[in-house]
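Here's the structure, in structure tokens; my notes come after.
The values are calculated or read from the model by the stated rules, or taken from the named source; none is laboratory data. A quick note: this is a predicted structure, and the numbers were derived from the prediction, not measured. Neighbour counts run over all protein chains shown; Cβ positions are idealised from the backbone, glycine included. Please note that ligands, DNA and RNA were not included when accessible areas were found on the heavy atoms of the full protein model with its side chains. Shrake-Rupley method; radii C 1.70, N 1.55, O 1.52, S 1.80 Å.
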Amino acid sequence: MSSSDRRRGVALFVVLVVVLGACSSAGASSSPAASAPMSASPTASAAAVSPSPSPSAAFPITLTDDEGTSVEVAAEPERIVSLTPATTEILFALGAGDRIVATDDGSDYPPEAVALQDVATYASVDVEKVVALEPDLVVAGGLGFTPAESITKLRDLKIPVVVIYAPSVDGVDKDIELLGSATGTTPKATSLTSAMRSDMAAVSAAVAGQSPKPRVFYDVGYDDATGAIYAPAEDSFLAEMVTMAGGDVITTGDPNTYEIPLEKLIEKDPQLIILGTNPFYSPTPDAVAKRRGWDAFTAVRNGDIKPVHDTEITRPGPRLPIGLRTLVSAIWPDVALSAAP
């Protein structure tokens, strides 16, 4: 993989954080890009999702996806292709996993997803393989995670493609409900999002009164060769998760860029560094402390560098409540949380 590919990889990993991603272990790297391709603004994307129909709604149904495209699904899908790890998780959680005929190579959860045929690698889709499977629904990733040209080719062949991108935690709930509408599983989607909202609200409430809130830097990526540092973008999905967990989140200050200069990070002076680790990005606290210039941070001087399993925190899907609990445990280790439902 080239340096530019690795850089683009982590940028989308964060955005799909969806995470942008999408947050699959296959999509992360230690050399992320300074900014992610933007195909739609977060506000426009979140507003584009149509309300879920009532449980009695029948097919055909017309939906508006997260890029604002009107998509008609003629009948309840029986052959679904999922092109991101997050949408694969959502479909399984909705009880539609047995209808998935192919995924991308980053779809690693639930375990049943691993054995499914791969028709996409990171940022590429084998359109011929997809077409050969005769799907009646393809679920793709927005913000360039699924190449726009691949989406266009599939739609030109009259294959319905729903593009998903959640710019916020609330956007994840809306996307789950959108896929519930697309797959005829609206009651399950409504139940799932209700449970997620309730659990995350309870977890967030448990730390709402804690003070002072520590200045938290969520380490998204670091380029050993250049010293480039990558952080949550302003108003990003990941920044929202840290805030919900009771941290004073340090961001890049720009909604469209994920690189933060060392000088700015020194000025912000993180009191806690959270390492979002996965199989492709797993620095140790000791390695982080030895980075050039990082000894200026209060967190480094005090040894407050905590690795966390990144996937549940940044993958915009049904395990977000687990991710929020993980973040709270890292930021507020003395706070006792109620048992997960």
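Cross-link reach is defined here as a Cα-Cα straight distance under 15 Å, omitting same-chain residues fewer than 8 places apart; for residue 213 the aspartates and glutamates meeting it are 240, 248, 269, 304, 334. Computed from the Cβ-Cβ distance with R0 of 35 Å, the FRET efficiency linking residue 234 to residue 118 stands at 0.50.
With viscosity 0.890 mPa s and temperature 25 °C, the Kirkwood radius over alpha carbon pairs of segment 56-184 converts through Stokes-Einstein to a diffusion coefficient of 172 µm²/s.
Accessible-area rank, largest first, for 264, 290: 290, 264, with all protein chains present and a 1.4 angstrom probe.
Once the C-beta distance of residue 75 and residue 256 is scaled by a Förster radius of 45 Å, the resulting FRET efficiency is 0.70 to the nearest 0.05. Taking the DSSP bridge list for segment 56-184 and keeping only pairs wholly inside it, about 35 percent are antiparallel.
Across q = 0.10, 0.17, 0.20, 0.23 Å⁻¹, segment 126-227 modelled as identical point scatterers on its alpha-carbon atoms has Debye log10 I(q)/I(0) values of -0.50, -0.94, -1.05, -1.18, in the order of the q list. A crude spin-label estimate for the pair residue 128 and residue 226, with each label 7 Å from Cα along the Cβ direction, gives 3.6 nm.
Length gained on full extension, residue 198 to residue 287, computed as 0.36 nm times the residue gap minus the Cα-Cα distance: 28.2 nm. Would you list, by chain and number, the lysines whose Cα falls below 28 Å from the Cα of residue 129, excluding same-chain residues fewer than 8 positions away? Here the lysines satisfying the reach criterion relative to residue 129 are 153, 158. Between residue 301 and residue 322, the modelled label-to-label distance comes to 3.8 nm, taking each label 7 Å out from Cα in the direction of the beta carbon. A Cα-only calculation for segment 208-331 places Rg and Dmax at 13.4, 41 Å. Across segment 265-320, the volume of the C-alpha convex hull divided among the residues equals 91 Å³ per residue.
Computed with a 1.4 Å probe on the full set of protein chains, the accessible area for residue 69 sits at about 40 Å². Taking 0.36 nm per residue of sequence separation and removing the Cα-Cα distance, the residue 334/residue 248 pair yields an extension gain of 29.2 nm. Charged neighbours of residue 271, selected by a Cβ distance under 15 Å, balance to -1 (K, R count +1; D, E count -1). Shown in residue order for segment 191-199 are the 3J(HN,Hα) couplings computed by the Karplus curve 6.51 cos²θ - 1.76 cosθ + 1.60 at θ = phi - 60°: 5, 5, 5, 4, 5, 4, 4, 5, 5 Hz (x for Gly and Pro). In this structure, the amide hydrogen of residue 67, modeled 1.01 Å from its nitrogen in the peptide plane, lies closer than 5 angstrom to those of 163, counting only residues at least 5 positions away or on a different chain.
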